[in-house]
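Have a look at the structure below before the remarks.
The values are calculated or read from the model by the stated rules, or taken from the named source; none is laboratory data. Since this is a predicted model, take the numbers as computed values, not measurements. Don't worry about glycine lacking a Cβ; one is built from the backbone with ideal geometry, like all the others, and counts go over all protein chains shown. Side chains are part of the model used for accessible areas, which takes the heavy atoms of the whole protein and leaves out ligands, DNA and RNA. Shrake-Rupley method; radii C 1.70, N 1.55, O 1.52, S 1.80 Å.
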Amino acid sequence: MDKLLVEGGRVLSGTVSISGAKNACLPILAATLLTEEECTVNNVPDLKDVATMVEILSSLGRDAEKVDGVVKVASGSISDITASYDLVSTMRASITVLGPLLAKYGEAKVSFPGGCVIGPRPIDLHLKGLRALGAEIRIEKGYIVASARKLKGTRVYLGGHFGSSVLATANTLMAAVLAEGETLIENAACEPEVKDLADFLISMGADISGEGTPTINVRGVNELKGATHSVIADRIEAGTYMIGAVITGGNIFLEGAVPEHNVALIDKLGECGGMVSERDGGLEVTVHRGRRPATDVTTLTYPGFPTDLQAQMMSLGAVSEGISVITEKIYPERFIHISELNRMGADIILEGPTAIVKGVKKLSGARVMASDLRASAALVLAGLVADGCTEISRVYHLDRGYENLEQKLSAVGAKVWREKE
Ligand code: EPU
């Protein structure tokens with residue numbers, strides 16, 4: 001197992017090129033199952049989760065291969081309808097093969113993904129969407145077993161306790177494109193990753209409108225064809241580096257970052273001393289001198305502040321001047337990073353789904369443990385401004401979602417390196 005070491009005290013300055021979005025790419029790769037023709041997906045990041053999705057496609061019998069930033073799924077049929085526990089248990093996004101398998105082949109067997117370290121992650125909305133389209137679904141020996149002779153268009157409301165769901169919208173949308181008749185998905189997720197999936201489906205011949213809004217309209221077609229698509233830039237990766245610029249008092253140009261995908265973060269960074277401006281196909285982040293003022297953050301579905309940047313924003317709050325109140329509305333238990341940040345000298349307490357972050361002048365480097373992908377990124381950001389060296393163990397979490405993190409950070413002046421544990 002590897003650990004990451006971060007020597008604090010460097011100011012980030014220079015250009016970071018933003019990779020393709022992990023959370024757009026994973027359902028798009030699953031969507032290639034909707035056709036037996038060849039598909040090419042470009043701008044694919046080199047990440048563990050992408051490798052897992054390619055492995056799932058291969059395990060289903062498709063000839064899928066990733067070379068550099070391109071995944072090619074060759075023409076051909078599947079040989080299996082089962083996505084096994086071994087693969088699904090390592091990555092929740094694997095559940096997005098359920099909708100395509102069911103729509104194209106009339107049956108699917110996908111391991112139940114279960115909970116994870118960011119709290120319970122139910123799948124009731126996925127099942128609601130597919131059942132509304134006419135699927136029969138049962139849970140058997142830890143697997144979701146789904147079948148349908150022919151899916152039928154319908155009207156389905158996909159709102160849960162915490163609002164819309166990104167992957168449940170993706171699953172329902174992928175099933176609806178081959179269903180008979182018209183489907184209306186209400187309270188659909190509006191995240192850019194859902195829109196990117198819809199754009200890919202449209203290029204395959206799907207008839208979709210309203211993507212990117214809470215009401216998606218799908219008119220089912222008999223068949224989809226192969227297509228080529230380029231994945232959008234990763235707004236969470238971009239956001240993480242934006243916070244990196246502000247926390248270190250630096251100046252970073254984020255090549256390829258899409259301004260409208262990060263409106264909530266840009267607004268918040270403005271409140272705490274950052275200045276974000278658009279230029280030359282990217283975003284420039286600069287910072288006012290002095291300690292940054294604290295700001296309050298509440299995570300919400302898009303275009304609200306993303307839960308996937310909550311932990312990183314907490315690292316910024318930990319060294320800001322004043323008290324930041326950070327409320328998590330998507331995953332109320334996504335706070336494991338608090339104890340690790342406190343090990344580094346932060347002053348954070350949790351009150352239900354709200355963290356009260358009292359800014360301190362300095363953090364100090366410590367041995368800390370990464371618990372999930374975004375918590376790991378938060379610890380790296382904290383390490384950038386801590387006195388001395390921060391040792392982050394279980395760095396495999398970072399490899400699931402940040403392409404070339406050490407190289408990208410080193411190129412803008414950070415001292416970050418990897419060692420064997
Ligand atoms: N929810 C339900 N029922 C469901 C599905 C979700 O109640 O059937 C709840 C969840 O428990 C949560 C809320 O709805 O409270 C939103 O969850 P959502 O379904 O939108 O999450 P997801 O689709 O499983 C994706 C991202 C996550 C990101 C969330 C929220 C992918 C592969 N994952 O997950 O990304 O946090 O949307 O934006 O797209 C990450 O990249 O680190 C990550 C966790």
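Here is a yes/no grid of residues against (1) among the β-branched types (Val, Ile, Thr); (2) surrounded by 24 or more Cβ atoms within 10 Å (Cβ to Cβ); (3) in the same structural domain as residue 41 (by TED's automatic domain parsing):
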| position | (1), (2), (3) |
| --- | --- |
| 188 | no, yes, yes |
| 204 | no, no, yes |
| 213 | yes, no, yes |
| 217 | no, no, yes |
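Restricting attention to the range 364-386, the residues that are under 13 Å from residue 336 (Cβ atoms) and more than 16 Å from the ligand (Cβ to nearest atom) total 2. Restricting the first member to the range 128-155 and to residues that are farther than 11 Å from residue 103 by Cα, and the second to residues that are aromatic (Phe, Trp, Tyr) and open to solvent by 90 Å² or more (accessible area, probe 1.4 Å), the beta-carbon pairs closer than 7 Å and six or more apart or on different chains are 142/85. Annotation note: of 333, 321, 351, the sole residue that is surrounded by fewer than 18 Cβ atoms within 10 Å (Cβ to Cβ) and within 16 Å of the ligand (Cβ to nearest atom) is 333. Given the criteria open to solvent by 50 Å² or more (accessible area, probe 1.4 Å), of a type in the set (Val, Ile, Thr) and more than 24 Å from residue 266 (Cβ to Cβ), does residue 392 qualify? For residue 392, the condition - open to solvent by 50 Å² or more (accessible area, probe 1.4 Å), of a type in the set (Val, Ile, Thr) and more than 24 Å from residue 266 (Cβ to Cβ) - is not met.
Please count how many residues of the range 127-150 are away from the ligand (no atom under 16 Å from the Cβ) and in contact with a strand residue (DSSP E or B) (Cβ under 7 Å, 6 or more places away or on another chain). First the steps, then the outcome.
Taking the range 127-150 and keeping what is away from the ligand (no atom under 16 Å from the Cβ), we get 134, 136, 138, 140-143, 145, 147-150.
Checking the rest, the ones that are also in contact with a strand residue (DSSP E or B) (Cβ under 7 Å, 6 or more places away or on another chain) come to 134, 136, 138, 142-143, 145, 147-148, 150.
Adding up the residues that qualify gives 9.
Restrict the check to the range 363-385 and report whether at least one residue is assigned to a loop (DSSP other than H, G, I, E, B), among the hydrophobic types (A, V, I, L, M, F, W, C) and surrounded by 24 or more Cβ atoms within 10 Å (Cβ to Cβ). There is at least one residue in the range 363-385 that is assigned to a loop (DSSP other than H, G, I, E, B), among the hydrophobic types (A, V, I, L, M, F, W, C) and surrounded by 24 or more Cβ atoms within 10 Å (Cβ to Cβ). For residue 96, are the conditions met, namely being open to solvent by less than 20 Å² (accessible area, probe 1.4 Å), outside the structural domain of residue 396 (by TED's automatic domain parsing) and out of contact with any strand residue (DSSP E or B) (no Cβ under 6 Å at 6 or more places or on another chain)? Yes. For the range 41-82, the set of residues classified as within 16 Å of the ligand (Cβ to nearest atom), in a helix (DSSP H, G or I) and of a type outside the set (Asp, Glu) consists of 48, 50, 51, 52, 53, 54, 56, 57, listed by residue number. Among the residues of the range 101-111, none qualifies, meaning not one is touching a residue at least 12 places away in the same chain (Cβ under 8 Å), under 28 Å from residue 212 (Cβ atoms), within 13 Å of the ligand (Cβ to nearest atom) and touching a Lys or Arg at 6+ places or on another chain (Cβ under 9 Å).
For (1) out of contact with any Gly (no Cβ under 6 Å at 6 or more places or on another chain); (2) among the polar types (S, T, N, Q); (3) outside the structural domain of residue 299 (by TED's automatic domain parsing); (4) touching a residue at least 60 places away in the same chain (Cβ under 8 Å), each residue gets a yes or a no:
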{"site": "343", "(1), (2), (3), (4)": "yes, no, no, no"}
{"site": "353", "(1), (2), (3), (4)": "yes, no, no, no"}
{"site": "357", "(1), (2), (3), (4)": "no, no, no, yes"}
{"site": "369", "(1), (2), (3), (4)": "yes, no, no, no"}
{"site": "372", "(1), (2), (3), (4)": "yes, no, no, yes"}
{"site": "397", "(1), (2), (3), (4)": "yes, no, no, no"}
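Scoring residue 246 on the criteria (1) touching a strand residue (DSSP E or B) at 6+ places or on another chain (Cβ under 8 Å); (2) closer than 30 Å to residue 71 by Cβ; (3) open to solvent by less than 40 Å² (accessible area, probe 1.4 Å) leaves a single failure, condition (2).
May I ask you to list the residues in the range 128-156 that are loosely packed, with under 14 Cβ neighbours inside 10 Å and over 21 Å from residue 110 (Cα atoms)?
Scanning the range 128-156 gives a single hit, 155.
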